[in-house]
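Report on one structure; see the data block that follows.
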Amino acid sequence: MRTIKFRAWSSGKMVYQNNALSKMSRFWRIIEQAKEHGEEVVIMQFTGLHGKNGKEIYEGDIVKPSFRDGNWFYRIISFEKGMFGYRDKTNSWCIMGIKQGNKPDNKQYEVIGNIYENSELLKL
């Protein structure tokens, strides 16, 4: 079973949920307070996967694939169709971390940033 965790982008900073129950409550309190003050809050879920360097992969992360398929570009992780993945250059939905035999192969991705803190990467 995968770990269920979240992070949120609000007021120009990323807030991470900790697994400790008291810290989870604090995380959701911060989110509610931000909403009460009219701030936009974007909540992103942990995919359950870790990238090439062991970094957790969340929705909204920008990843760099270690493979070269002739269609190389940074990928933005999202949740669609009931699963985590990304859109390729042709806008086709690709399931993240799957290779032959349907075994996770998430080590092929390196987390290089996210769409909120590193938007300049989207221009590359």
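Of note:
- Among residues of the range 43-62, those that are farther than 21 Å from residue 10 by Cα and at pLDDT 90 or above, counted: 1
- Residue in the range 1-9 that is at pLDDT 85 or above and exposed (fewer than 11 other Cβ atoms within 10 Å of the Cβ) present: no
The values are calculated or read from the model by the stated rules, or taken from the named source; none is laboratory data. Not measured: the values here are computed from a predicted model. All Cβ positions, even for glycine, are placed from backbone atoms using ideal geometry, and neighbour counts span all protein chains on display.
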